[in-house]
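See structure below.
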């Protein structure tokens, strides 16, 4: 079974269909780019897959758990990071890690070990007791990324993780994504940078609640006779 | 239109702007390109008279941003990075409010905003807080223009906006520029820099360069190759291991490889990659983009 299975998933808000019968599956270790214009339904779809919003109809499982009946189980097997919400600015680096470790139910000893390992891996050991507010944005995002992986989730949801960061940090961030996917963790990522769409194994493009395109970047470019993913996106979203 | 001399601003121990200088002509579409935290917003807030610099001075349309702030406010339009309209007022009420604050009416200046406002007019009775992102942006732009400013400041108008809406937004700016408006815009998107007449690359409070987009690209003086293989991440890692590599960055479907030597040896690079169990290798020399140039400048020690 695939790590994410979605079948005819639909969500209405009143008479408005935000997500309209979408179906797809994602394999372990796959990087899926989830694209769409503002308001196309990406966030609603993502909220259903992260157990935060009950669908109106259709089926979906994440790590084998059902989105209707087992949303709490889903939350334990996924990591989530967004550009807007990640770490507490008034807490230190170590305090943030301890806080999230506690939320995910890790033992005190596990948190301690993970903190040391994580900071060493990110080359941030010196920043352990600095408040998040004092860290450059690029560091914060790398840290937020690692904190989202603290409880060894099977799927990592990244909602516009690279918005606003400088071009070098943006690319370093993708190194982290590749490493994570290489360890077998599925990465589900949204972005407005079309060059980043090319870095995904497969890309889905939502238009008005429906998935209008799904495939490898190369296949989509062939399908839409486009030179770049940017062209594919504009063609679909402007239609 | 704008003259900035030796402008500095710090917050606590953070030097937000350091000795920033530039001049901007009337009718220019001028872009500040740099990541979050580079100082773009601080600079904008000083230029629109919302923040007083520590040292240095700045004039906009001949008026000093500190001494003449009252007179200056009537001549500039400002669209902050965060949505700053009244969410509880309707679309129309917001627009009328901003017109009345500046002592004018919507009717008097309707011609200026017509193209943009017409797109949201069907929703004029909707509360601004209930608009979609793209519509909020159009309303904010209409409100920033309704008093017919001489110069328009847009702080990251396209952050978090999808690729299609970004294009449409830049098309609107190009039309406003044709109408004679001076426009200063900031963006973290390197590809948008090409839309500007001139661009200032900004990082950590300093201007790295001010030039036309094509001049910035032309100044890139290292051999640059676009490389592709069926295996992307292994390719990036292999290129980084290559002894002559200066910089290796993913760029859409290609990886941009800059050689540390004056000229790159494409055949030797191909031979090396062939030994790295990569397939479907493609290598071609390419001209630098703004993004290549920016990353190269980020590497150079600033003096």
**Request:** Test residue B:71 against the stated conditions and say whether it is in a helix (DSSP H, G or I), farther than 30 Å from residue A:36 by Cα, touching a strand residue (DSSP E or B) at 6+ places or on another chain (Cβ under 7 Å) and more than 14 Å from chain A (Cβ to nearest Cβ).
**Result:** yes
**Item:** Of residues in region A:179-198 being farther than 20 Å from residue B:164 by Cα and more than 13 Å from the chain's Cα centre (by Cα), the one farthest from the other protein chains (Cβ to nearest Cβ)
**Value:** A:184
**Prompt:** When both residues are 6+ apart or on different chains and their Cβ atoms are under 8 Å apart, which pairs have a first residue that lies in region B:9-25 and is in the same structural domain as residue B:45 (by TED's automatic domain parsing), and a second that is in a strand (DSSP E or B) and exposed (fewer than 13 other Cβ atoms within 10 Å of the Cβ)?
**Reply:** none
**Item:** Condition check for residue B:49: within 17 Å of the chain's Cα centre (by Cα), away from chain A (no Cβ under 14 Å), within 30 Å of residue B:128 (Cβ to Cβ) and surrounded by 15 or more Cβ atoms within 10 Å (Cβ to Cβ)
**Value:** no
**Fill in**
Over region A:176-200, the set of residues outside any helix (DSSP H, G or I) and surrounded by 18 or more Cβ atoms within 10 Å (Cβ to Cβ) is A:185, A:186, A:187, A:188, A:189, A:190, A:191, A:192, A:193, A:198, A:199, A:200
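Yes or no, residue by residue, for (1) modelled with pLDDT of 95 or more; (2) within 12 Å of chain B (Cβ to nearest Cβ); (3) surrounded by fewer than 18 Cβ atoms within 10 Å (Cβ to Cβ); (4) out of contact with any helix residue (DSSP H, G or I) (no Cβ under 9 Å at 6 or more places or on another chain):
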{"site": "A:15", "(1), (2), (3), (4)": "no, no, yes, yes"}
{"site": "A:21", "(1), (2), (3), (4)": "yes, no, yes, yes"}
{"site": "A:24", "(1), (2), (3), (4)": "yes, no, no, yes"}
{"site": "A:30", "(1), (2), (3), (4)": "yes, no, no, no"}
{"site": "A:36", "(1), (2), (3), (4)": "no, yes, no, no"}
{"site": "A:39", "(1), (2), (3), (4)": "no, yes, no, no"}
{"site": "A:42", "(1), (2), (3), (4)": "no, yes, no, yes"}
{"site": "A:48", "(1), (2), (3), (4)": "yes, no, no, yes"}
**Prompt:** Taking the condition touching a strand residue (DSSP E or B) at 6+ places or on another chain (Cβ under 7 Å) and not in a loop (DSSP other than H, G, I, E, B), does residue A:173 pass?
**Reply:** no
**Request:** Specify which of the listed residues (B:158, B:187) is free of Cβ contacts under 8 Å to residues at least 60 places away in the same chain, touching a strand residue (DSSP E or B) at 6+ places or on another chain (Cβ under 7 Å) and within 14 Å of another protein chain (Cβ to nearest Cβ).
**Result:** B:158
**Asked** Is there a residue being in a helix (DSSP H, G or I), at pLDDT below 90 and closer than 22 Å to residue B:252 by Cα anywhere in region A:120-139?
**Response** yes
**Fill in**
For region B:264-303 the number of residues that are assigned to a strand (DSSP E or B) and either touching a helix residue (DSSP H, G or I) at 6+ places or on another chain (Cβ under 7 Å) or buried (at least 19 other Cβ atoms within 10 Å of the Cβ) (or both) is 1
**Message:** Given the options A:124, A:220, A:156, name the one that is more than 9 Å from chain B (Cβ to nearest Cβ) and over 29 Å from residue A:75 (Cα atoms).
**Reply:** A:220
**Request:** Identify the residue in region A:127-138 that is within 14 Å of chain B (Cβ to nearest Cβ) and in contact with a helix residue (DSSP H, G or I) (Cβ under 7 Å, 6 or more places away or on another chain) and, among all such residues, is farthest from residue B:81 (Cα to Cα).
**Result:** A:130
**Residue list for region B:182-199, filter: at pLDDT 90 or above and buried (at least 24 other Cβ atoms within 10 Å of the Cβ)** = B:184, B:185, B:186, B:196, B:199
**Message:** Please determine whether any residue of region B:158-179 is in the same structural domain as residue B:28 (by TED's automatic domain parsing), over 29 Å from residue A:231 (Cα atoms) and either assigned to a helix (DSSP H, G or I) or at pLDDT below 90 (or both).
**Reply:** no
**Request:** Please state which one of A:166, A:230 is buried (at least 21 other Cβ atoms within 10 Å of the Cβ), without any contact (Cβ under 8 Å) to a residue 60 or more places away in the chain and facing chain B (nearest Cβ under 10 Å).
**Result:** A:166
**Request:** Go through region B:200-222 and give me each residue that's free of Cβ contacts under 8 Å to residues at least 40 places away in the same chain and either crowded, with 19+ Cβ neighbours inside 10 Å or assigned to a loop (DSSP other than H, G, I, E, B) (or both).
**Result:** B:212, B:221
**Message:** Based on this model, can you work out whether residue A:103 counts as more than 28 Å from residue A:196 (Cα to Cα), free of Cβ contacts under 8 Å to residues at least 40 places away in the same chain and surrounded by fewer than 16 Cβ atoms within 10 Å (Cβ to Cβ)?
**Reply:** yes
**Item:** Hits in region B:222-254 - residues which are within 13 Å of chain A (Cβ to nearest Cβ), closer than 15 Å to residue B:289 by Cβ and at pLDDT 95 or above
**Value:** B:226
**Message:** Being out of contact with any helix residue (DSSP H, G or I) (no Cβ under 9 Å at 6 or more places or on another chain), surrounded by fewer than 18 Cβ atoms within 10 Å (Cβ to Cβ) and part of a helix (DSSP H, G or I) narrows it down to one residue among B:261, B:240; which is it?
**Reply:** B:240
**Item:** Test result for residue B:125, free of Cβ contacts under 8 Å to residues at least 60 places away in the same chain and either assigned to a loop (DSSP other than H, G, I, E, B) or in contact with a strand residue (DSSP E or B) (Cβ under 9 Å, 6 or more places away or on another chain) (or both)
**Value:** yes
**Request:** Assess whether residue B:205 counts as being touching a helix residue (DSSP H, G or I) at 6+ places or on another chain (Cβ under 9 Å) and either over 30 Å from residue B:46 (Cα atoms) or away from chain A (no Cβ under 14 Å) (or both).
**Result:** no
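The values are calculated or read from the model by the stated rules, or taken from the named source; none is laboratory data. No experiment lies behind these values; they were computed from the predicted model shown. Using ideal geometry, Cβ is built from the backbone for each residue, glycine included, and neighbour counts are taken over all protein chains shown.
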